[in-house]
Amino acid sequence: MKIAPSLLSCDFSKMGEEIVRMDEAGADWMHLDVMDGHFVPNITFGAPVIKTVRKYTTRPFDVHLMISEPLKYIDDFAAAGADIITFHIECDSDIDETIDKIRSKGIKPGLVIKPNTPAWTVFPYLDKIDLVLIMTVEPGFGGQSFMADMLPKVKEIRRECARRKIEILIEADGGIGKDTIEQAADAGIDVCVAGTAVFKAPDAQKAISYLQNF
Ligand code: DX5
Ligand code: ZN
């Protein structure tokens, strides 16, 4: 299992050092949660901050856009150094256009679905994207409880991909830690985002390797 620590749970006064800490602890990807206070009821950081901290690691930057109009900002996040950009299917931008724009920048595009959004909504885009991110909490805040009832979405997506011979990564985000990782792994998740569980752990390296072993 790949683990992507969510910087949302880091000490923002030293974001660069926190990235180095996660890099040295063995994180596979860095997960960066961008929130606009409109699509979700919280505001975090944008492309200028991501650009500033990009130099602290060579690990892939997995940028999760929780913003109403992602299409408007793809140029900025590309210039900031994103390797993967995921955006919500529930957003206001044109989905095909946004995927194409991300791809045109040489970045891997992914679609995110909120808990109330069914898995089949991503089916029309499966051949154009590299990953699907399944929210296992309502987006907006770290530290919430894992929604295990989201896991059947994995099988639905896998079944459709198998039928159409498409290979795709499936990522889960929210409430993942030592008590929930097994369920996520058993469901067939490839990449797990973990905020609280790694940043607040006494030993980040131990926490990450424990989760990676599933
Ligand atoms: C929630 C974010 C998540 C969140 C995960 O909107 O997308 O990435 O930070 O944090 P934990 O692991 O604490 O639930
Ligand atoms: Zn996220």
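The values are calculated or read from the model by the stated rules, or taken from the named source; none is laboratory data. Everything numeric in this text was worked out from a predicted model, so none of it was measured. Positions of Cβ are generated from backbone atoms using ideal geometry, with glycine treated the same way; all protein chains shown enter the neighbour counts. Calculation scope for accessible area: heavy atoms of the full protein, side chains included, ligands and nucleic acids excluded. Shrake-Rupley method; radii C 1.70, N 1.55, O 1.52, S 1.80 Å.
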Among the candidates 68, 13, 9, which residue alone is of a type in the set (Ser, Thr, Tyr) and within 14 Å of ligand 1 (Cβ to nearest atom)?
9
Are any residues in segment 169-214 more than 16 Å from ligand 2 (Cβ to nearest atom) and in a loop (DSSP other than H, G, I, E, B), and if so, which ones?
178, 179, 188, 200, 201, 202, 203, 213, 214
Those residues that are assigned to a helix (DSSP H, G or I) and of a type in the set (Lys, Arg), I need them from segment 1-48; list them, please.
14, 21
If we ask which residues in segment 49-64 are open to solvent by less than 40 Å² (accessible area, probe 1.4 Å) and either more than 10 Å from ligand 1 (Cβ to nearest atom) or outside any strand (DSSP E or B) (or both), their number turns out to be 5
Please list, ordered by first then second residue, the pairs with beta carbon atoms under 8 Å, 6 or more apart or interchain, first in segment 185-196 and at positive phi and touching a residue at least 12 places away in the same chain (Cβ under 8 Å), second more than 16 Å from ligand 2 (Cβ to nearest atom) and not basic (Lys, Arg).
188/154
May I ask you to verify whether residue 27 is crowded, with 21+ Cβ neighbours inside 10 Å, modelled with pLDDT of 95 or more and not charged (D, E, K, R)?
yes
Out of the residues in segment 79-99 that are within 16 Å of the chain's Cα centre (by Cα) and more than 16 Å from ligand 2 (Cβ to nearest atom), which is least open to solvent (accessible area, probe 1.4 Å)?
99
State which residue is nearest to the chain's Cα centre (by Cα) when the search covers only segment 170-214 and only residues that are charged (D, E, K, R) and open to solvent by 20 Å² or more (accessible area, probe 1.4 Å).
190
In segment 161-168, is there at least one residue being open to solvent by less than 70 Å² (accessible area, probe 1.4 Å), farther than 16 Å from residue 5 by Cα, in contact with a strand residue (DSSP E or B) (Cβ under 8 Å, 6 or more places away or on another chain) and at pLDDT 95 or above?
yes
